[in-house]
Amino acid sequence: MFLHLLYWRCTRNGYGHIAARRVCHEVLFIDTANLDEIAEAKSWGCLAGVTTNPSLYAKTGGKLADFEPHMLKIAELCEGLPVSAESTATTAEGMVEEGRRLSALAPNIVVKLPVCEAGLAACRALADAGVRVNMTLVFSPTQALMAANAGARYISPFVGRYDDIALDGLSQLADVVACIKNYDWSDKNPDGRVEIITASVRTPNHVTQAALLGADIATVPMAALKKCLHHPLTDQGLASFAADWASPPIRDSP
Ligand code: G3P
């Protein structure tokens, strides 16, 4: 009976994969290159990392020449937390050269590479050199398996962009999680483990379902992160507590 209840409890999202209880928990990264947003999310005490991409950096209005200094500022602001900085090179050689430069900026920089022929080759070379790689733009379990085999420390399957074309991003994420969690990657990359970063997150429900599926991380833009935090009943409760606390008989003079 209990096992049946546990199975129902874990698969009620309908994706059929049991999220086995694990030591760690789903951690939250912020998906932005905006320093103010990172500082604010960090001040809440629940931030575990940062992911950026060329579009998010462009959104800050930053110039190309300031890209690496900006990534360094984020790395220093988030000392000890992994910060993904993306290479924009298109060849394996270019990605390795840029990846070495980015990872040399700070010990918590993770190099982000696209899953493609050049990206896989560069990932292998960088992982063999002790650099942590986040393989991005992942849309299938086979891409995820190839990335893990090429030495990726993190794999970023996209959910929202999948939904954008009327496909089921969470179902794809479920398959990626199940495939990767079936194997031991301890000899593939410097840290000896592969973590899945749920990316292209649009809603709190994406975060919840990713946790139910056993994804290690969700990287969330600030707007969605705030929606994850706020709940109308919490606000209502706070307001009624405050009203009761400010009114008789508590405020009555003794
Ligand atoms: O950083 C990668 C990814 O999270 C971007 O997602 O689809 O919101 O641009 P998207």
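The values are calculated or read from the model by the stated rules, or taken from the named source; none is laboratory data. Nothing here was measured: the structure is a model prediction, and the numbers come from that model. Cβ sites come from the backbone with ideal geometry, for glycine too, and all protein chains shown count toward neighbours. These area figures cover heavy atoms from the full protein model, side chains too; ligands, DNA and RNA do not enter into them. Shrake-Rupley method; radii C 1.70, N 1.55, O 1.52, S 1.80 Å.
What percent does the relative contact order of the chain come to when contacts are Cα pairs within less than 8 Å and at least six residues apart?
Relative contact order comes out at 17 percent.
Ordered by packing density, taken as the mean number of other Cβ atoms within 10 Å over each peptide's residues, highest first, how do 233-239, 27-33 rank? Before the final figure, lay out the partial values.
Numbers: 233-239: 9.7, 27-33: 23.9.
Descending packing order for the listed peptides: 27-33, 233-239.
Output the peptides 183-191, 150-158, 119-127 sorted from most to least packed, where packing is the average of other Cβ atoms within 10 Å over each peptide's residues.
Working: 183-191: 14.6, 150-158: 27.0, 119-127: 23.7.
Packing proxy ranking, top to bottom: 150-158, 119-127, 183-191.
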### Query
Between the helical axis of 92-105 and the dominant principal axis of the chain, each derived from Cα atoms, what acute angle in degrees is found, rounded to the nearest 10?
50 degrees
### Inter-label distance, nm, simple model (7 Å from Cα along the C-beta direction), Tyr183/Glu68
3.4 nm
### Query
Looking at the stretch 68-116, which GluC sites (Glu not before Pro) are DSSP coil and have at most 16 other C-beta atoms within 10 Å of their C-beta?
Glu79
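Pulled fully out, how much extra length does the chain show between Phe241 and Met222, if you take 0.36 nm times their separation in residues and subtract their Cα-Cα distance?
Details: separation 19, 0.36 × 19 = 6.84 nm, distance 2.78 nm.
Taking 0.36 nm per residue and subtracting the Cα distance, the gain is 4.1 nm.
Compute the Cα gyration tensor for the chain, then decide on rounded, prolate or oblate, letting a ≥ b ≥ c be the square roots of its eigenvalues: rounded whenever a/c is under 1.5, prolate when a/b is larger than b/c in the other cases, and oblate in all that remain.
On the way: a/c = 2.26, a/b = 1.38, b/c = 1.64.
In terms of gyration-tensor shape, oblate.
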### Query
Treating the beta-carbon of each Lys and Arg as +1 and of each Asp and Glu as -1, no other charges, what is the dipole magnitude of the stretch 27-130 about its Cα centre, to the nearest 20 debye?
20 debye
### Query
Which pairs, out of Lys188/Lys226; Lys42/Lys181; Lys112/Lys188; Lys188/Lys227, put more than 26 Å between their alpha-carbon atoms?
Lys188/Lys226; Lys42/Lys181; Lys188/Lys227
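For Cys116 and Thr90, calculate 0.36 nm times their separation in residues minus their Cα-Cα distance, and state this gained length in nm to one decimal.
Numbers: separation 26, 0.36 × 26 = 9.36 nm, distance 0.97 nm.
Roughly 8.4 nm would be gained on extension.
Using a probe of 1.4 angstrom, how much of the accessible area of the stretch 43-185 is carbon and sulfur, in percent?
On the way: 3500 of 6170 Å².
Carbon with sulfur: 57 percent of the solvent-accessible area.
Can you give me the accessible area per residue for the chain, using a 1.4 Å probe, in Å²?
Values: 13080 Å² over 254 residues.
Here the per-residue accessible area is 51 Å².
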## Note on the structure
Inter-part gap, Cα centre of the stretch 57-86 to Cα centre of the stretch 96-156, in whole angstrom, is 17 Å
### Task
Please build a GNM for the chain, connecting alpha carbons under 10 Å apart, and tell me which residue among Pro232, Pro82, Pro54 fluctuates the most.
Pro232
### Query
For the charge dipole of the chain, defined by +1 on Lys and Arg C-beta atoms and -1 on Asp and Glu C-beta atoms about the Cα centroid, which residue among Leu28, Ala210, Leu77 has the Cα displaced farthest towards the positive pole?
Ala210
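Any idea what the dipole of the chain comes to, in debye rounded to 20, about its Cα centre with Lys/Arg Cβ at +1 and Asp/Glu Cβ at -1? Don't skip to the answer; put the middle values down first.
Details: 22 positive and 27 negative charges, 83 e Å.
Here the size comes out at about 400 debye.
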### Query
To the nearest 10 degrees, how steeply does helix 204-213 sit against the main Cα axis of the chain, on a 0 to 90 scale?
70 degrees
